[in-house]
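Here the structure is laid out as C-alpha cells; the discussion comes afterwards.
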Amino acid sequence: MSEYILIGVAWPYANGSLHLGQIAGAYLPADIFARYHRLKGNRVLMVSGSDQHGTPITLRAEQENKPPQDIVAKHHQEFLDCWQKLGISWDLFTTTGTPNHARVAHDMFLSLLEKGYIYKDSVPQAYCPECQRFLPDRYVEGTCPYCHSPQARGDQCDECGRTLNPSDLLDLRCRLCSAAPRFEVSEHFFLRLSAFEDRLKAWITEQTHWRQNVLNFSLGILEGGLKDRAITRDIEWGVTVPQPGFERKRIYVWFEAVIGYLSASKEWAISQGDAAAWQPFWGNEAKSYYFIGKDNIPFHSLIWPAMLMGYGGLNLPYDVPANEFLTVEGKKLSTSRNWAVWLPDYLERYDPDPLRYLLSINMPETADTDFSWREFLRRNNDELVATYGNLAHRVLTFTQRNFAGVLPACGELDSQSQALLHKAETALDSVDRLLCGCHFRESVRTAMSLAQEGNRYLDDKAPWKTIKDDSQAAGTAVYVALSVLSTLKTILCPFLPFSSQKLHDFLGFGGEIEAVGWRAQSPVSGQKLPTPQPLFDKLDESIVAEETSRLGSGESDGSQ
Ligand SMILES: [Zn+2]
Ligand SMILES: [Zn+2]
C-alpha cells in the first residue's frame, strides 16, 4: 500500500550562493529520500523555498545598497538553476514572498492568538543610539551566556547551537556601528512556548527512532525549560502582523519560515489543480520528515511541533534527521572568509553525480565529516570510475565485441553465479531498510561493495578467456554481471540519478528508470544493446591544487 511522505527541507536564505555544507546537511539527503520513496511507489511531496525575509536579507541589501527584493530575486533564480543541475527533485521550491504564504502565516498567527498561545507584551528592545533605530536580533552581537563564544548573535549562538534573545547576550554591540545598544520598550507578540513543555517532553520521549544527536539536543533544551519567544519585531521587511497598531512591525522570520512547509504544500496543491491535495500529506496516515542541518534542530523538533500542537489537526514531524556539519579541508566552513566550496562553481566545472556520491558516502549523519578535493578525486577515480564504472564498461564493451551487442542467454548457473545473484538481491533488500531509516552512508557503501563483488566475479570467470572454446559459459558470466549492474542502477538511482539513467539505457531498457520502481529488473536475453559510453569521467590530478588554491581567497559569494 502506498504511503504519503511529506519531505520538508530547510529554507535557505536568499542572500548568497549555496555551498556544499548546505547540500550535505539537508538538500542531498532529502532528495535521495524523496527519490527512494518515489521508486517504492509512495506518494511524495518534497517542498521548500527561498527564505526571503529576515535580517540576513536586509543586512545583505544594506551592504550592497540594493532593495531586498533584488537580492532575493537574484539568489532565488540561482537556487533554481543549481537544483536543476544537481538533480534535486523538488515537487515545489517556492519563496516566502508569495501572497499564499502570507495568508497561511496569518491564519496560523490568528488561530494561535485566539487560543491564547500568542499574547501581547511590552518588552525592552535593543535600540542603537548611534544608528537611531531598533536593532533586530541579527543586528545585535555579543558573548554567549552558555558557551562564552564572543561571536554569538541576538537570535542564536552558532558555537553551541542555543537559541537566544538579544538580552541574553553579554557585552552587547550593534553590528552596524559597534556602539553599545540600550533597551527601549516596544510592544510585541509572544509565542507561549512554556505552555507546550510537558506535551513536547512526552511526545519527544516517544520518538525513539530519531537520531540520538537530535533526541539529546532537544531533550537538553527541554530540561533547561522553554521560554516564550517574541514572534514580531521592529523591522519593515517581512510578513505583516495581522493586528492594528503593528503596521510598522513584522512577523519574526523563525516563526514564519517554518509555516512555509504548510503554505508550500497548499501552493503545490493549487498548482496541481486540486486545492485539497495537500491534506493527506498532513493527516495522521502520512509521515513527515524534516531535513535540516543541526543548527536548525530546535526550530523543527520543538518550536514547529509546538505551533502545530497549538493549531491542531495537522501531523507532527515523524522524523527530523538533522545532519552534523561538513568541514572543508579540515577546517570549519566559513562563508565570510570564503572557506567554502560554492555549488554554482562546482556545477560549472564538474558533473553532478561525483559530488552526490562523495557527499553520500561521507555524509555527516552522526558526526562532522570533511570534504577535501583529494578525497573527491580519489573517490571519483578509484570508486566511480575504476570500480562501478569499470564493471559496467568492461561487461558492456565485451558484449559489443563478442556478442555483436546482443545480450547473451543465461545458461546454467554454478554456485558462484548463484551466490553473486543472491548477494545482489540481499543488497537491494538491505538498502531498502537502510534508506527507510535515513542511513545514507551505509546504503551507498553497500552498493559499492556489490560493485566490487561484481568485478571479482568477472575476474574469476574471465569470459575473455572462456569465449574461445565455451561461448555459453562466457555468455552466462556476462548475463550474471549485467544482472548485478541492473540491481546497482536501481540501488544507486536515488544517489546517482544521472548515471543510473545512463546505465538503464545501456542495459537496453527503455524509458525513465523511475518508472521501473524499486526492484531488480532482469536483463532481456536477445536484446540489442546500444553502444556504451563510460559512466564517469576520470579527473586529472591537477584539479586538487587548482581547487584548493581557490579556498579562502577572493570575494565571498555568500553571507549565510
Ligand atoms: Zn554558545
Ligand atoms: Zn549602530
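The values are calculated or read from the model by the stated rules, or taken from the named source; none is laboratory data. Since this is a predicted model, take the numbers as computed values, not measurements. Heads up, the Cβs are rebuilt from the backbone with ideal geometry, glycines too, and the neighbour counts pull from every protein chain shown.
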The listed residue being closer than 24 Å to K201 by Cβ and either buried (at least 20 other Cβ atoms within 10 Å of the Cβ) or among the hydrophobic types (A, V, I, L, M, F, W, C) (or both), out of F246, F281, F325, F255:
F255
Tally up the residues in region 270-326 that are among the polar types (S, T, N, Q), part of a loop (DSSP other than H, G, I, E, B), farther than 22 Å from L193 by Cα and touching a residue at least 24 places away in the same chain (Cβ under 8 Å), please.
1
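Which residue, of A179, A264, is part of a loop (DSSP other than H, G, I, E, B) and either under 24 Å from R103 (Cα atoms) or within 16 Å of ligand 2 (Cβ to nearest atom) (or both)? Walk me through how you get there before you give the answer.
On the way: A264 fails: part of a loop (DSSP other than H, G, I, E, B).
Just one listed residue meets the conditions, A179.
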All positions within region 140-155 that are part of a loop (DSSP other than H, G, I, E, B) and within 16 Å of ligand 2 (Cβ to nearest atom)
G154
Find all pairs meeting these conditions: Cβ atoms under 6 angstrom apart; at least six residues apart or on different chains; first residue within region 528-555 and under 19 Å from A386 (Cα atoms); second residue of a type in the set (S, T, N, Q).
L535/S499; K538/N381; L539/N380
State whether one or more residues within region 87-107 are closer than 17 Å to E236 by Cα, free of Cβ contacts under 8 Å to residues at least 60 places away in the same chain, away from ligand 1 (no atom under 16 Å from the Cβ) and in contact with a helix residue (DSSP H, G or I) (Cβ under 6 Å, 6 or more places away or on another chain).
no
Selection over region 267-284 where residues are acidic (D, E) and farther than 22 Å from P317 by Cβ yields a count of 1
Having 2 or more residues that are touching a strand residue (DSSP E or B) at 6+ places or on another chain (Cβ under 9 Å) and of a type outside the set (S, T, N, Q) is the bar; report the helices (runs of 4 or more DSSP H) wholly within region 350-432 that clear it.
352-361
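Kindly indicate which of A230, A195, A180 is away from ligand 1 (no atom under 16 Å from the Cβ), small (G, A, S) and touching a His at 6+ places or on another chain (Cβ under 9 Å).
Values: A195 fails: touching a His at 6+ places or on another chain (Cβ under 9 Å); A180 fails: touching a His at 6+ places or on another chain (Cβ under 9 Å).
When all the criteria are applied, what remains is A230.
For every residue, the table says whether it meets (1) hydroxyl-bearing (S, T, Y); (2) surrounded by fewer than 17 Cβ atoms within 10 Å (Cβ to Cβ); (3) more than 21 Å from S483 (Cβ to Cβ).
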{"position": "L359", "(1), (2), (3)": "no, no, yes"}
{"position": "D368", "(1), (2), (3)": "no, yes, yes"}
{"position": "R378", "(1), (2), (3)": "no, yes, yes"}
{"position": "H393", "(1), (2), (3)": "no, no, no"}
{"position": "D414", "(1), (2), (3)": "no, yes, no"}
What number goes with the only condition from (1) in a helix (DSSP H, G or I); (2) touching a residue at least 60 places away in the same chain (Cβ under 8 Å); (3) in contact with a Pro (Cβ under 9 Å, 6 or more places away or on another chain) that T490 does not pass?
(3)
Determine the pairs where a residue that is in contact (Cβ under 8 Å) with a residue 60 or more places away in the chain, located within region 22-42, has a partner that is basic (K, R) and surrounded by fewer than 24 Cβ atoms within 10 Å (Cβ to Cβ) with Cβ atoms under 8 Å apart, the partner being 6 or more residues away or on another chain.
G25/K294
Suppose the filter is modelled with pLDDT of 95 or more and part of a loop (DSSP other than H, G, I, E, B); does G475 pass it?
no
Suppose we filter V320, V328 for residues that are under 23 Å from K227 (Cα atoms), among the β-branched types (V, I, T) and in contact with a helix residue (DSSP H, G or I) (Cβ under 8 Å, 6 or more places away or on another chain); which single one remains?
V320
Away from ligand 1 (no atom under 16 Å from the Cβ) and part of a loop (DSSP other than H, G, I, E, B), is that true of C131?
yes
Based on this model, can you work out whether A73 counts as more than 18 Å from V47 (Cβ to Cβ), away from ligand 2 (no atom under 16 Å from the Cβ), surrounded by fewer than 18 Cβ atoms within 10 Å (Cβ to Cβ) and not charged (D, E, K, R)?
yes
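Tell me which residues, restricted to region 94-106, are under 14 Å from Y261 (Cα atoms) and either within 16 Å of ligand 2 (Cβ to nearest atom) or not β-branched (V, I, T) (or both). Give the derivation first.
We begin by selecting, within region 94-106, every residue under 14 Å from Y261 (Cα atoms); these are 94-98, 100-105.
Of everything in region 94-106, those that are under 14 Å from Y261 (Cα atoms) and either within 16 Å of ligand 2 (Cβ to nearest atom) or not β-branched (V, I, T) (or both) turn out to be G97, N100, H101, A102, R103, A105.
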Since H53 meets every condition but one in (1) touching a His at 6+ places or on another chain (Cβ under 7 Å); (2) in a loop (DSSP other than H, G, I, E, B); (3) buried (at least 24 other Cβ atoms within 10 Å of the Cβ), which condition does it not meet?
(1)
Scan region 332-375 residue by residue and report those that are without any contact (Cβ under 8 Å) to a residue 60 or more places away in the chain and hydrophobic (A, V, I, L, M, F, W, C).
L358, A367
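Please state which one of V140, V185 is surrounded by fewer than 14 Cβ atoms within 10 Å (Cβ to Cβ), within 27 Å of V241 (Cα to Cα) and of a type in the set (A, V, I, L, M, F, W, C).
Working: V140 fails: surrounded by fewer than 14 Cβ atoms within 10 Å (Cβ to Cβ).
Just a single option satisfies the conditions, and that option is V185.
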Mind telling me which of the residues D121, D168, D158, D137 ends up being farther than 17 Å from R233 by Cβ and either charged (D, E, K, R) or more than 16 Å from ligand 2 (Cβ to nearest atom) (or both)?
D158
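I need a count of the residues in region 1-18 that are assigned to a strand (DSSP E or B) and either at pLDDT below 95 or surrounded by 24 or more Cβ atoms within 10 Å (Cβ to Cβ) (or both). If you could, list the steps in order and put the result at the bottom.
Start the filter on region 1-18 by keeping residues that are assigned to a strand (DSSP E or B), which leaves 4-9, 13.
Adding the requirement that they be either at pLDDT below 95 or surrounded by 24 or more Cβ atoms within 10 Å (Cβ to Cβ) (or both) leaves 6-9, 13.
Residues flagged as assigned to a strand (DSSP E or B) and either at pLDDT below 95 or surrounded by 24 or more Cβ atoms within 10 Å (Cβ to Cβ) (or both) within region 1-18 amount to 5.
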Tell me yes or no: at least one residue of region 183-203 is within 16 Å of ligand 2 (Cβ to nearest atom) and either at negative phi or touching a residue at least 60 places away in the same chain (Cβ under 8 Å) (or both).
yes
Scan region 57-83 and report the pairs whose first residue is touching a residue at least 40 places away in the same chain (Cβ under 8 Å) and whose second residue is of a type in the set (G, A, S) and in a helix (DSSP H, G or I), with Cβ atoms within less than 8 Å and a gap of 6+ or a chain change.
P68/A61; I71/A61
Scanning region 145-177 for residues that are of a type in the set (S, T, Y) and within 11 Å of ligand 1 (Cβ to nearest atom), the one nearest to T55 (Cα to Cα) turns out to be T163
For region 475-491, how many residues are among the small types (G, A, S) and buried (at least 24 other Cβ atoms within 10 Å of the Cβ)?
2
